[in-house]
Amino acid sequence: MAHVMPDLFKIDVSGHAVSHARTEMVARGKVVTTDEPPERGGTDLFATPLETMLSSFLGCTNVIANYVAGVLKMDLRGMEFEMCGHFDTRGVFGKAEIGTPFPVIELKVILDTEADDAQIAKLAKIVGEKCPVSVLLRRAGCEIQETWVRK
C-alpha cells in the first residue's frame, strides 16, 4: 500500500549535552546518541556526529533507491554500501576558509539486481536528484563520487 505524504511536514528532534563530547537526542521517541573517540575527549561508545551524518546519507540512499526502483519497475533484491567522507578540518580549526567541510564523498552502491547498466545508471541519477541528504550535500558543495554496480 502506497503512503500518501504531505507536501511539507515537520521533523522534530530535541536533545541535550551529556558531556562536551556526547549528545543525546530524541526523535519520534527514539534515542539517538553521538559521541567522540577518546583522543577527542569522548567515551567512544557511539558514532560521531559526522559518522552519523554519513550514515544518514546511506540510509536515505537506501529508502529513496528502493522507492525509485519500484517506480521504474526494477527488481531490487538488496543493496550494500561503502562510503568514505573526506573531511577538511581546516575550517573547523580556523586554518583556512573552506567551501565545504566534505569536499569529496565517495559512495559505492552494490545492487542485487538483474537490471542492466543503463537501468542502474538511471536509478543512480534519479536517486542523486531525489534523496534529500544527497541534495543537501551537493548544494553544500560536496562532490559525490558515485559508483553503482551489480553484485
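Summary table below
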read-out: Residues located in region 23-69, provided they are free of Cβ contacts under 8 Å to residues at least 12 places away in the same chain and farther than 28 Å from Asp12 by Cβ; value: Pro37, Pro38, Glu39, Asp44
read-out: Index of the failed condition, Ala27 passing every other in (1) of a type in the set (Gly, Ala, Ser); (2) under 26 Å from Val92 (Cα atoms); (3) within 18 Å of the chain's Cα centre (by Cα); value: (2)
read-out: Residue match in region 135-142 (condition: aliphatic (A, V, I, L, M) and in contact (Cβ under 8 Å) with a residue 40 or more places away in the chain); value: yes
read-out: Strands (runs of 3 or more DSSP E) wholly inside region 1-107 containing at least 2 residues that are surrounded by 14 or more Cβ atoms within 10 Å (Cβ to Cβ) and among the small types (Gly, Ala, Ser); value: none
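Each row is one residue, and each column tells you yes or no for (1) under 20 Å from Phe57 (Cα atoms); (2) without any contact (Cβ under 8 Å) to a residue 12 or more places away in the chain; (3) over 18 Å from the mean Cα position of the chain (by Cα).
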| position | (1), (2), (3) |
| --- | --- |
| Lys73 | no, yes, yes |
| Glu82 | yes, no, no |
| Gly85 | yes, no, no |
| Arg90 | no, yes, yes |
| Ile98 | no, yes, yes |
| Phe102 | yes, no, no |
| Val109 | yes, no, no |
| Thr113 | no, no, yes |
| Ile120 | yes, no, yes |
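Yes/no per residue for (1) under 28 Å from Ile120 (Cα atoms); (2) at pLDDT 95 or above; (3) aliphatic (A, V, I, L, M):
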| position | (1), (2), (3) |
| --- | --- |
| Ala17 | no, yes, yes |
| Thr23 | no, yes, no |
| Val26 | no, yes, yes |
| Val31 | no, yes, yes |
| Thr48 | no, yes, no |
| Met53 | yes, yes, yes |
| Thr61 | yes, yes, no |
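The values are calculated or read from the model by the stated rules, or taken from the named source; none is laboratory data. The shown structure was predicted, so the numbers you read here are calculated from the model rather than taken from an experiment. Cβ sites come from the backbone with ideal geometry, for glycine too, and all protein chains shown count toward neighbours.
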